[in-house]
């Protein structure tokens, strides 16, 4: 049974990626174009118009937008996955956790393509690779756990309260602003900086910039704390979905 | 009355919320159903529209959990025969066959081993490699049925889908399904057609208003069901 579910998750992920590629005219190119356009907007606004970017702004923005897009897509795609598969939930006895996992896996595969482009751009911009790249692995695990946890909690609730979708996009925008995605924490004045650095996403963004731009290993204590929080949210999300699972097949079309 | 008991329901009820909004107004689609399914039995479920027949199938399939009563299921797979389960428009017939087969509980290697049979049964020819969004609805149904008929759960649950597609394929799919039911599999069949149930089932469960009225030998239950129908009809 378990092996069968793993096969289903992997093949569904492949199907999802393939279908997405076929759905749009430019296909795969959108995986790169989408973050590139977002980045252009922020660069224009913060660096060019407001002049608030500071040195190294463009690469730090590039890293922030790329990572945040991955986290956000896991939270939203994963978060809407049970709701958008309710017709399947009504017809077949599958653990509902399968649907958000498939969505997050396919977003993660996409992210790795984008990451390669990101890293190449950084090399050519004068930020060479370093031994600190090893720190990316635990960092990405923590980021995925965190996003998956938030995604699971959203996924558990949206089928019962579809109206939440209207709020979630806005909430995630606010989360982005307070997480140092489009600005660097080091540019924020005290005591706001200390306050913002309590946010695990901000800590993870900072760690990513340290690794990729300055060749610094992450602050293990900070990353450890963020990982613990991520793990706790993830465990809660899994429990929450299992708890609400009997209600999903009964929901009206 | 021999054969090991695969599924047993005692006083099972299932409630639905009437609408998706604040406030609790539940209705019981199943009120009180008893059922015993033994290995090798072919059980037909009869009853008027809205009696709860389809809900009952979804309980046996493990999709819906009972809100009251007891249910016992042995370590067996119960699969509802669903057509076009999980189909993705942009994928080829072949990929959709694999995906749908996985959803229906097959292992990947089992489906891959049967792809040739699916391809042949569906009569899709070269279209098998094309995205299914290019298919006509008839072609889609042929693919869907060809996949579904490959599934071999311990208990096969069928809800009124005995024949699909054009007249010719209807005959072929109906025949394939009857052959599958005749192979000694355990089957639960919900149908409006008494003729179908009479032809395919040896035991019958009669459900009315979410309650099981009678379960037993096919002819006995049909006789009682007909008596009741006549009593319910207005006097001439």
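Over 35 Å, how big is the tail of the calculated P(r) for the protein assembly as shown, in percent of all Cα pairs?
On the way: 54248 of 119316 pairs.
When all Cα pairs of the protein assembly as shown are counted, 45 percent exceed 35 Å.
Multiplying each eigenvalue of the alpha-carbon gyration tensor of chain B by 5 and taking the square root yields semi-axes of 33, 21, 19 Å, largest first, rounded to whole angstroms.
Rounded to the nearest 10 degrees, the inclination of helix A:200-214 to the longest alpha-carbon principal axis of chain A is 50 degrees.
Going by neighbour counts of Cβ atoms within 10 Å, the residues A:189, B:172 line up, fewest first, as A:189, B:172.
Over segment A:182-253, what number does the Rg to Rh ratio reach, with both radii from the alpha-carbon atoms and Rh per Kirkwood?
1.21
Relative to one another, the C-alpha centroids of segment B:158-205 and segment A:114-178 are positioned 50 Å apart.
If you count, for every residue in A:7-19, the Cβ atoms of partner chains within 10 Å of its Cβ, what is the mean? All intermediate terms of the calculation are to be shown ahead of the outcome.
Numbers: counts 7, 9, 1, 2, 9, 5, 0, 4, 10, 2, 0, 6, 6.
Partner Cβ neighbours, averaged per residue: 5.
Counting only alpha carbon atoms, the long axis of helix A:164-177 and the longest principal axis of chain A meet at about 20°. The shape of segment A:32-250 comes out prolate: with a ≥ b ≥ c from the C-alpha gyration tensor, a/c is at least 1.5 and a/b beats b/c.
For the residues of A:20-33, the average number of beta carbons from a partner chain within 10 Å of their own beta carbon is 1. As a rough footprinting exposure proxy, the listed residues B:142, B:38 were ranked by other beta carbons within 10 Å of their own, and the order from fewest upward is B:38, B:142.
Residue A:198 to residue A:235: FRET efficiency via 1/(1 + (r/R0)^6), r the Cβ-Cβ distance, R0 22 Å, to the nearest 0.05?
It comes out at approximately 0.55.
Sorted by average packing, counted as other Cβ atoms within 10 angstrom per residue and highest first, what order do A:59-72, A:19-32 take?
Details: A:59-72: 23.1, A:19-32: 13.5.
Going from most to least packed, we get A:59-72, A:19-32.
What ranking do A:205, A:39 get, fewest neighbouring Cβ atoms within 10 angstrom at the top? Write down the numbers at each step before the final one.
On the way: A:205 27, A:39 18.
Placing the least packed residue first, the sequence is A:39, A:205.
Please determine, in degrees from 0 to 90 and to the nearest 10, the orientation of helix A:136-157 with respect to the longest principal axis defined by the Cα atoms of chain A, where the helix direction is its Cα long axis. Between the helix axis and the principal axis of chain A, the angle is about 40 degrees.
Throughout, read-outs are computed from the coordinates displayed, never taken from laboratory work. Everything quoted here is computed from the prediction, not taken from an experiment. Methodologically, a virtual Cβ is constructed for each residue, glycine included, from the backbone with ideal geometry; neighbour enumeration extends over all protein chains shown.
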